[in-house]
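Visitor: This is the structure, below, for whatever I ask next.
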Amino acid sequence: MKTFSLMAVGIGLAGVGLATLAAPNGERWFEDITQKADLSAPHTNRSFKNPYAHIMAGYTALGASVAVGDYDGDGYEDLFVTDSKEDGKNRLYRNNGNLTFTDVAAQAGVADGNDAQNASADALWFDADNDGMLDLLVVRFGHNQLFRNIGKGRFKNVTASSGLTRYANAIAAVAFDHDKDGDTDLFIGSYFQPVNIFQPETPRFFPESFETANNGGGVTVFRNDGNFKFTDITQQTGIDLKGWTLDLGHADADNDGDEDLYVAADFGTDRFFVNDGKGVFTDHTETAIGIDTKKGMNVEWQDYDNDGLFDIYVTNITDDYMREGNFLWHNNGDLTFTDISRETGTHNTGWGWCGKFFDYDNDGWLDLYVMNGWVSGNEQSYVPDIFEMIVRPGIDFADARNWPPMGAKSLSGYQKKRLFHNERGQMFKDEAARHGLDSMRDGRGIGVADFDHDGRLDLFVTNANAAPFFYRNLLPLDHHWASFILEGKISNRLAVGTRLLITAGDRTYHRYVNGGNGFASQSSYRVHIGLATHPTIDRLEVIWPTGTRQTFENLTADRIYRLVEGSAHPVPFVVKEEKK
Amino acid sequence: MIRLLSLLLLVVAPAAFAATAEDHYQSARKALTARNYPVALDAFEAALNMEPDNIRYASEYRQAVIGAAQYDRCIAFFEKLVAVHPMASSAFLNFGFAYVDKIPAAGSITQVILANTALTYFSKSIEIKPSWIALYTRGNSYLYWPKIFGRASLGVSDLEKAYQMQKMDRVKRSYHVRVYISLGDGYWKTDDIDKARAIWQEGLAQFPDNEQLKARLAREGDALAEYIDSVLDPNKRVDTNLQEIWTNL
């Protein structure tokens, strides 16, 4: 049998679930299967070879990223994982369908992401040409790489002719259709200004301020012109930023049918932009969130309280010496937000990195997993060194030579990751230790997907200068779920920006397809919904980016559905090839 | 004769009707009641220019500054004031407080710079006159620094001196309870929990209604740590109103 149906997946899973209930893990619902899955290749930070190398080493523990996507269209979610050392190979892990993976990056032509002049920092799957095959953007300090998916598991490097050749110290990218012309455009965030940090001609390329730095790389917007051609239209979009961007995230903040944008900046103010529906953005920062001076690291949008509006989770730095606290921006519905991180218990996650909402127990409430930790070195702390510099009168922070070398010292290292269980949209309770997700490695990105089609969301976690983690979700199967693969016909093919209103019982859930939100990571394009005890979705309303609405009723739970724009019925999901 | 009298009046009148520091202070209070911050701040500054070491004027001036969020103006004013009056210990103390008052309105890194600068002026105040209030203030300020900076022991040292001073005082003053609280916090921060509890107990014997001492003594372990961390959170505004000092002199 070459193919097997969704029903077969469901039946197969029942067996898995029964086995899980009897498993010795007891109340622990995640199992670290990194080794078994053959995903344990470590990330290595970039070492620099320039006069400032010993200083830069303390500030470039970045580049451990993951992007989830089914690049070969076999129905199973694959992984692209970046390394950063000079001769480090990026990895394309093909999902074998049995919770093991095979690195096929070299054969696919996407392994070479690092060299003396480039360091991989992030990656993004997107469908540049709407052909239904995922293309790949490798985001780099240096020059980005654009790989065209040419089928049969192979990619062609089309960067040179793409218009994406400009030097940038890029660290984040999202792809969404900002101008609603039916394809996804690229929004790229850069950390350092566009100076060659491998061989800087000036020492003045560090942040000029710890709180209001405006000498970073900002954000660049590339319009997708089709045929793998992109044009820099940053000026036309109204986005004019020079901050130290660490992450970007998009969502329709006001449910008006277009995608708005949040930009998280290190050393300065996060920004919130509202889309006018034609791809021009207005900066609403002051009225929406106010001016902050924190160290924004992550942008994640989801409707954590199921009130029909997308909220935002941003990590900052919270430690003994710097008590910034994270932001959980509750969407007030009028393009303003209120930070309720303290009230919900999500305020302090240490030196935060990626934070992702996902419903690990399928109860219908989005839980939150948060990475943290900067550099876990020796027992000596770098904090006094850095503060000695900070309090020096008249110090020029922009000059890298003024920054003390970190050496082997620690800075906010050995921090325990946090898994917050959503207590019905009111509070979050840390369950990381219970589920074995409280690693102390220097976590960076999180890729969330149901890698084995068992209806339970698994996690791939990247760590700087260390091996990643692959956690299999072993939740007892007493909650229902559904998953949707969306396909745009008039809208962009991956349906980025499509909103789903899913009603089961007396609750309606609001979810959407995002184009790569979250620091150093991209989760599945599929929309997963936990349905708690409801075996049926009473009503599903799909709002495509074109504005077209489709409604479906009485969908059986515990299924993966394919929804095609304009098609009258959900199409049962079918994997191309049985891989067991 | 009339002409001579007129001349005399012209000479005497300005002196007779020149505003005193107290006049300016009262004008400031009046303006403050009317929430007229610009006038109030001007008047407070006029009063302080005449009496730079007046702790009451300075304290109320700073509270008005907090209300008006005019932190930089306040810092600039005290900078000039201490330059003109380099031996005014109270002015230096309040100069330090002006930096402390700005901390909650600042970003986390600026907070460190402000706190560090405040310590410089508290030290100058102590150098001029090692008063109870200056020692208590600097000692307490050290406790806000994270453990990694190792400043808690300096705080304990200052607070122990303030403690000795108040023991010599024949009058039990309400503000003395602050040293019992902070010295205990200092001992706690330097991992001497027994001494911390002992000093809090001693304080409670002296001030049996004090809720802060009761709260500390009622907690142990993580709960106590959480409580003290919350008290010493730099994002929370520290009460730098010195009214208790002059009303209990």
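Visitor: Karplus couplings for region B:121-135 from phi (6.51 cos²θ - 1.76 cosθ + 1.60, θ = phi - 60°), rounded to Hz, Gly and Pro as x?
Guide: Couplings: 7, 4, 5, 4, 4, 5, 4, 6, 8, x, 7, 4, 5, 5, 5 Hz.
Visitor: Between rounded, prolate and oblate, where does region B:81-124 land on the alpha carbon gyration tensor, with a ≥ b ≥ c its root eigenvalues, rounded for a/c under 1.5, else prolate if a/b exceeds b/c?
Guide: On the way: a/c = 3.06, a/b = 2.42, b/c = 1.27.
Verdict is prolate for region B:81-124.
Visitor: To continue, here is another question. With the contact rule set at Cα under 8 Å and sequence spacing of 6 or more, what percent relative contact order holds for chain A?
Guide: Details: 1759 pairs, mean separation 95.7, N = 580.
The value is 17 percent.
Visitor: From the backbone phi of region A:478-492, what are the Karplus-calculated ³J(HN,Hα) couplings (6.51 cos²θ - 1.76 cosθ + 1.60, θ = phi - 60°) in whole Hz, Gly and Pro given as x?
Guide: 9, 10, 8, 7, 8, 9, 10, 9, 9, 10, x, 10, 8, 5, 4
Visitor: Next question. Using the Cα centre of the protein assembly as shown as origin and beta-carbon charges of +1 (Lys, Arg) and -1 (Asp, Glu), tell me which of A:SER65, A:ILE55, A:THR159 is placed farthest towards the positive end of the dipole.
Guide: Checked the options; the winner is A:ILE55.
Visitor: Defining a contact as two alpha carbons under 8 Å apart and six or more residues distant in sequence, what relative contact order in percent does region B:13-166 show?
Guide: It comes to 14 percent, rounded to a whole number.
Visitor: Could you tell me which of B:LEU135, B:ILE228, B:GLN201 has its Cα farthest along the dipole of region B:130-243 towards the positive end, charges placed at Cβ (Lys, Arg +1; Asp, Glu -1), taken about the Cα centre?
Guide: B:LEU135
Visitor: What ranking, highest mean first, results for peptides B:108-114, A:216-222, A:195-201 when packing means the other Cβ atoms within 10 Å averaged over each residue?
Guide: In decreasing order of mean packing, B:108-114, A:216-222, A:195-201 become A:216-222, B:108-114, A:195-201.
Visitor: Report, to the nearest 10°, how far helix B:177-189 tilts away from the longest principal axis of the Cα atoms in chain B, using its own Cα long axis and a range of 0 to 90°.
Guide: So the inclination is approximately 40 degrees.
Visitor: Under the classification rounded if a/c is under 1.5, otherwise prolate if a/b is larger than b/c and oblate if not, where does region B:130-243 fall, given a ≥ b ≥ c as square roots of the Cα gyration tensor eigenvalues?
Guide: Taking the square roots of the gyration eigenvalues as a ≥ b ≥ c, region B:130-243 is rounded.
Visitor: Within 10 Å of each Cβ in peptide B:109-116, how many partner chain Cβ atoms are there on average? Round it to a whole number, please.
Guide: 6
Visitor: Can I ask one more? Dipole of chain B (Lys/Arg Cβ +1, Asp/Glu Cβ -1, origin at the Cα centre): which of B:ILE245, B:GLN166, B:ALA46 lies farthest to the positive side?
Guide: Positive-end residue among those listed: B:ALA46.
Visitor: Starting from the Cα gyration tensor of chain A, take the square roots of the eigenvalues, sort them a ≥ b ≥ c, and report rounded, prolate or oblate (rounded when a/c is under 1.5, otherwise prolate if a/b is larger than b/c, else oblate).
Guide: It is rounded, given that a/c, with a ≥ b ≥ c, falls under 1.5.
Visitor: Counting only C-alpha contacts under 8 Å and six or more residues apart, can you give the relative contact order of region A:296-439 as a whole percent?
Guide: The value is 21 percent.
Visitor: How large is the charge dipole for chain B, taken about the Cα centre, if only the Cβ atoms of Lys, Arg (+1) and Asp, Glu (-1) carry charge, to the nearest 20 debye? Mind dumping the intermediate values first?
Guide: Working: 28 positive and 28 negative charges, 81 e Å.
For chain B, the charge dipole is close to 380 debye.
Visitor: Can you list the residues, at least 5 places off or on another chain, whose amide H is less than 5 Å from the amide H of A:ARG562, using H built in the peptide plane?
Guide: Residues meeting the criterion, in which the H sits 1.01 Å from N, are A:ILE485, A:VAL571, A:PHE573.
Visitor: Quick check: the distance between the Cα centres of region A:86-130 and region A:207-229, to the nearest angstrom?
Guide: 24
Visitor: Measure nothing but the geometry: give the 0 to 90° angle between the long axis through the Cα atoms of A:6-21 and the longest principal axis through the Cα atoms of chain A, rounded to 10°.
Guide: In chain A, helix A:6-21 runs at an angle near 70 degrees to the longest axis.
Visitor: For region B:130-243, with only Lys/Arg (+1) and Asp/Glu (-1) charged at the beta-carbon, what is the dipole magnitude about the Cα centre, in debye rounded to 20? Intermediate values should be presented prior to the final figure.
Guide: Numbers: 17 positive and 16 negative charges, 88 e Å.
Roughly 420 debye, rounded to the nearest 20.
Visitor: Right, next: Around A:SER47, which amide H atoms from residues at least 5 apart in sequence, or from another chain, sit under 5 Å from its own amide H, with H modelled in the peptide plane?
Guide: Here the answer is A:GLU86, since their amide H atoms fall under 5 Å of that of A:SER47.
Visitor: Also, I was wondering about something else. Counting other Cβ atoms within 10 Å, which chymotrypsin sites (Phe, Trp or Tyr not before Pro) in region A:98-133 have at most 14 and lie in a DSSP loop?
Guide: Here no loop site has a sparse enough neighbourhood.
Visitor: Dipole of the protein assembly as shown, Cα-centred, from +1 at each Lys and Arg C-beta and -1 at each Asp and Glu C-beta, to the nearest 20 debye?
Guide: Roughly 2000 debye for the protein assembly as shown.
Visitor: Between A:GLN522 and residues 5 or more places away or on another chain, which pairs have amide H atoms under 5 Å apart, with H built 1.01 Å from N, and which residues are they?
Guide: Sorted by chain and number, the residues that satisfy this are A:VAL66, A:ALA67, A:VAL68.
Visitor: Longer than 29 Å from Cα to Cα, which of A:LYS356/B:LYS189; A:LYS89/A:LYS242; A:LYS294/B:LYS129; A:LYS294/B:LYS147; A:LYS36/A:LYS85; A:LYS294/A:LYS417 are they? Say none if no pair is. If you can, show how the numbers build up before the last one.
Guide: Numbers: A:LYS356/B:LYS189 35 Å; A:LYS89/A:LYS242 31 Å; A:LYS294/B:LYS129 39 Å; A:LYS294/B:LYS147 22 Å; A:LYS36/A:LYS85 25 Å; A:LYS294/A:LYS417 20 Å.
Those over the limit are A:LYS356/B:LYS189; A:LYS89/A:LYS242; A:LYS294/B:LYS129.
Visitor: For chain A, what is the percent of antiparallel DSSP beta bridges, rounded to the nearest 5? Walk me through the numbers before you get to the answer.
Guide: Details: 119 of 128 bridges.
Counting only bridges with both partners in chain A, antiparallel ones make up about 95 percent.
Visitor: Would you mind giving the mean number of other chain beta-carbons within 10 Å of the Cβ of each residue in B:149-159, as a whole number?
Guide: Per residue, the number of nearby Cβ atoms from other chains is 1 on average.
Visitor: In whole Hz, what ³J(HN,Hα) sequence does region A:430-439 give by Karplus (6.51, -1.76, 1.60; θ = phi - 60°), x for Gly and Pro?
Guide: Residue by residue, region A:430-439 yields 6, 10, 4, 5, 4, 9, x, 9, 9, 4 Hz.
Bear in mind these aren't lab numbers, they're just calculated from the coordinates by the rules spelled out. What you are looking at is a predicted structure, and each value in this text was computed from that prediction instead of being measured. Cβ atoms come from the backbone with ideal geometry, glycine included; neighbour counts cover every protein chain shown.
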